[in-house]
Amino acid sequence: MRTNIDIDDALMQEAQKASGHATKKQTVEQALRLFIKLRRQHEVGAAFGKFRWRGDLARSRKGRGAR
């Protein structure tokens, strides 16, 4: 998808330097992937404690070699 956006030059330069990417496109794509990854992690964290686990902890530990 072709998109034209106005990005602060100093911010883009700093992002390119931090990412190690040679092009603005690579830098922006990596930033978008990171944003999505962080958002998904946040959603998983927000669900923590909202679901009840049902199982046998002792049996579960035996299955993976724990004592």
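The values are calculated or read from the model by the stated rules, or taken from the named source; none is laboratory data. Since the structure is predicted, the reported quantities are computational estimates derived from the model, not experimental observations. Every residue, glycine as well, gets a Cβ built from its backbone with ideal geometry; the counts of neighbours run over all protein chains shown.
Observations on the structure shown:
- Count of region 1-22 residues which are outside any helix (DSSP H, G or I) and surrounded by 10 or more Cβ atoms within 10 Å (Cβ to Cβ): 2
- Selection over region 23-52 of residues that are assigned to a loop (DSSP other than H, G, I, E, B) and at pLDDT below 95 gives a count of 6.
- When Gly65 is tested against (1) modelled with pLDDT of 95 or more; (2) at positive phi; (3) small (Gly, Ala, Ser); (4) more than 21 Å from the chain's Cα centre (by Cα), exactly one condition is not met: (1).
- Unique residue being surrounded by 10 or more Cβ atoms within 10 Å (Cβ to Cβ) and farther than 25 Å from Arg2 by Cβ when the list is Lys62, Lys50: Lys62
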